[in-house]
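Single-structure report; data block below.
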Amino acid sequence: MKKILLVVFLLLFQSSFSKPISETQKLAATCKVWGFLKYYHPNVASGNFDWDEQLFKILPKVEEAKTDMEFSNVLEKWISSLGKVEAYKAEISSEEIDYFDKNFDLSWTQDANFFSKSLSQKLKFIEQNKIQGKQYYVEKGIEFRNEVEYNEFDDKDKNFRLLLLFRFWNYVEYFFPYKYQMDQNWDLTLIEFLPRTINPVSQADYYLSLKEFSAKLNDTHALFGANKLFDIFGRHGISFDAKIIDDKAIVTGFKNESLCKINDIRIGDIITKIEGKSIGDLIKENQKYIEGSNYAAILNNEYPIFYSRTNVSEIEFIRNDKTAKKTINKYEYKDLNINYENKSEKYKFLENNIGYANLAVLTPDDVPAMMEQFKNAKAIIFDIRNYPQGTNFAIAEYLNPEPKNFVKSIDADLSSPGRYIWRKEDTPCGKINPDYYKGDVILLVNEKSISHSEFTAMTLKVAPKTTIIGSQTAGSDGANYRFEIIKGIWTSFTTYGVFYPDKKETQRIGIVPDIEVKPTILGIQQGKDEVLDRAILFAKNGK
């Protein structure tokens, strides 16, 4: 009788402290616990369970839980079913490791607002006795592997929608080195987008929510893709290149010149409206869907602003100070027949004995002959407003009197996912070279300078007498990893971190020019390269 009374008392005591818990709160916590167990629990992280199936089994029980205590009990029983976690004594390493912990925070496992004390203790024990062997779901590098593949992604199935979100969120949570630099806390992003995953108002809104979700990374390397997005934004794009200046789109070049001639599109045309909407309004409407580390990178992305579901669009444009309207053709990518062959000169002399190298086409094999030709040049301009061909280390050998450190990198610590480690040593650039080039070195950069372009600028910047001219770069340095989250749904983001030797960030900030120069509408119309012109002026007078 006393035992029965004790049990009743305990139940009443427990229920008196239980709090209602919303579906969003339950699923956000479940997402975090599911991801934590996936990468920390020895029996899960080693691949002993079909982890998707485990999620599908636990979701109905999570849904049934009405209070925080009931929810905690569901998770506790689930964790117990995964098998015993053996305690171990961590070996004390004599190796000195420099950890990068700005992303690393598992304090949420101790949140008394959602988890019972006993559940928090279980989660803490798992953290302290985490997997010691090889990770089953992720390889050093980073590469996600051994995920269950499905014949198709059923977007009508709530469980599949949750699986997609849970996978996506946890990939970023544990393996995106710049998570701490996002505008919005990643936990809040999960809470914000869960309702649109649980009960999407429409199929279109669901896919748009995923595109927005990806944009929250604030990473120019990030890119979310799904065929359904083409149905929403359209598959037909413009046949010309455009640059956004003062909320107007200025034609700067041609993807296919013959197609542009059909609609009489000319370099310097100022497009002010598309289908009656101003370029500024189109940017405001679509900015939340565009992945970018900074605003310059966002404006450099023509999708979805210039895309449509029809093969024609009415534009309003200005030419010779006259405003007019006309209908232009739009094309699917395959019909643009873009010729990516770049026949530009690899290097040449400009006026006043100034060397110029176009790193978009220059190869490492070209570097010795180029530097021999430029050895007595007054200055050398390296144009990095493009994607270079891996010439940075080869060029640096001619620009430095000795090896120089130019970068500091971090890699994911797979023994404690979410934590990163500073590399002990990054490869320096340059070599012992008393005959190094002693003239001015000028680097040209802009929003098209991304990833390896920015890495190249960092490499060459450490040379004596180097000046960077141009505008903010894309602010996304490090390896870009593209992968399928689930069948037919793919994404990408940066997977290791790149910093300056003093550990100062490059992500989002980009390569900061010493002299800022941005193209103007008038300059484009007059056929000028104002950034290059400014570099030539600097080479002439040193200012």
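Values quoted throughout were computed directly from the atomic coordinates according to the rules given, and no laboratory measurement underlies them. From a predicted model like this one, the values you see are computed outputs, not experimental measurements. Glycine also receives a Cβ, built like all others from the backbone with ideal geometry; neighbour counts cover every protein chain displayed.
Only one residue of Tyr137, Leu119, Thr109 has its Cα farthest out toward the positive end of the dipole of segment 80-167, where Lys and Arg carry +1 and Asp and Glu -1 on Cβ, and that residue is Leu119. Taking 0.36 nm per residue of separation and subtracting the Cα-Cα distance, full extension of the segment from Lys57 to Thr363 would add 104.7 nm. Segment 144-301 has equivalent-ellipsoid semi-axes of 34, 18, 15 Å, by the square roots of 5 times the alpha carbon gyration tensor eigenvalues, sorted largest first. Comparing Tyr150, Gln128, Trp78 along the charge dipole axis of segment 15-223, the residue lying farthest to the positive side is Trp78, per the Cβ-charge model.
Rounded to the nearest 5, the antiparallel percentage of DSSP beta bridges internal to the chain is 75%.
With Cβ to Cβ distances under 10 Å as the rule, what net charge do the other residues near Pro403 carry (K, R +1; D, E -1)? For residues surrounding Pro403, the net value is 0. Counting only Cβ charges, +1 for Lys and Arg and -1 for Asp and Glu, the dipole size of the chain around its Cα centre is about 660 debye. Rg and Dmax over the alpha-carbon atoms of segment 232-336 stand at 12.9, 36 Å.
Charged side chains reduced to their Cβ positions (Lys and Arg at +1, Asp and Glu at -1) give segment 15-223 a dipole of some 580 debye around its Cα centre.
In terms of other Cβ atoms within 10 Å, Asp426, Asp68 run from fewest to most in the order Asp426, Asp68. Sparse packing (at most 12 other Cβ atoms within 10 Å of the Cβ) combined with a DSSP loop state is found for the following GluC sites (Glu not before Pro) in segment 119-211: Glu149, Glu152. Spread over its residues, the convex hull of the C-alpha atoms of the chain is 176 Å³ per residue.
Under 19 Å from the Cα of Lys408, which lysines turn up, not counting those fewer than eight places away in the same chain? Those lysines meeting the cut-off are Lys102, Lys140, Lys179, Lys424, Lys431, Lys461, Lys503, Lys504.
Taking the number of Cβ atoms within 10 Å of each Cβ as an exposure proxy, the fewest-first ranking of Asp411, Asp321, Asp105 is Asp321, Asp105, Asp411.
When each full DSSP H helix of the chain is screened for a Cα extent of at least 24 Å along its own axis and an average Kyte-Doolittle hydropathy of at least -1.0, the helices passing are 23-40, 158-175.
Mean sequence separation of contacting Cα pairs (under 8 Å, at least six apart), scaled by the length of segment 15-223, corresponds to a relative contact order of 25 percent. In this structure, the amide hydrogen of Asp101, modeled 1.01 Å from its nitrogen in the peptide plane, lies closer than 5 angstrom to no residue at least 5 positions away or on a different chain. Residue by residue, segment 316-330 carries 3J(HN,Hα) couplings of 10, 9, 10, 9, 6, 6, 10, 9, 9, 10, 6, 9, 10, 7, 10 Hz when phi is fed to the Karplus relation 6.51 cos²θ - 1.76 cosθ + 1.60 (θ = phi - 60°); x denotes Gly or Pro. Structural descriptor for the chain: relative contact order 14 percent, calculated from alpha carbon pairs under 8 angstrom and at least 6 residues apart.
Each residue of segment 221-235 was assigned a 3J(HN,Hα) from its phi angle through the Karplus expression (A = 6.51, B = -1.76, C = 1.60, θ = phi - 60°), giving 6, 5, 7, 9, x, 7, 4, 4, 5, 5, 5, 7, 8, x, 10 Hz with x at Gly and Pro.
A viscosity of 1.567 mPa s and a temperature of 4 °C, combined with the Kirkwood radius over C-alpha pairs in the Stokes-Einstein formula, give segment 15-223 a diffusion coefficient of 71 µm²/s. Around Lys216, with a cut-off of 12 angstrom between Cβ atoms, what is the net charge of the other residues, counting Lys and Arg +1 and Asp and Glu -1? Overall, the nearby charge balance is -3. Put in order of Cβ neighbour count within 10 Å, fewest first, the listed residues Tyr436, Tyr295, Tyr39 become Tyr295, Tyr436, Tyr39.
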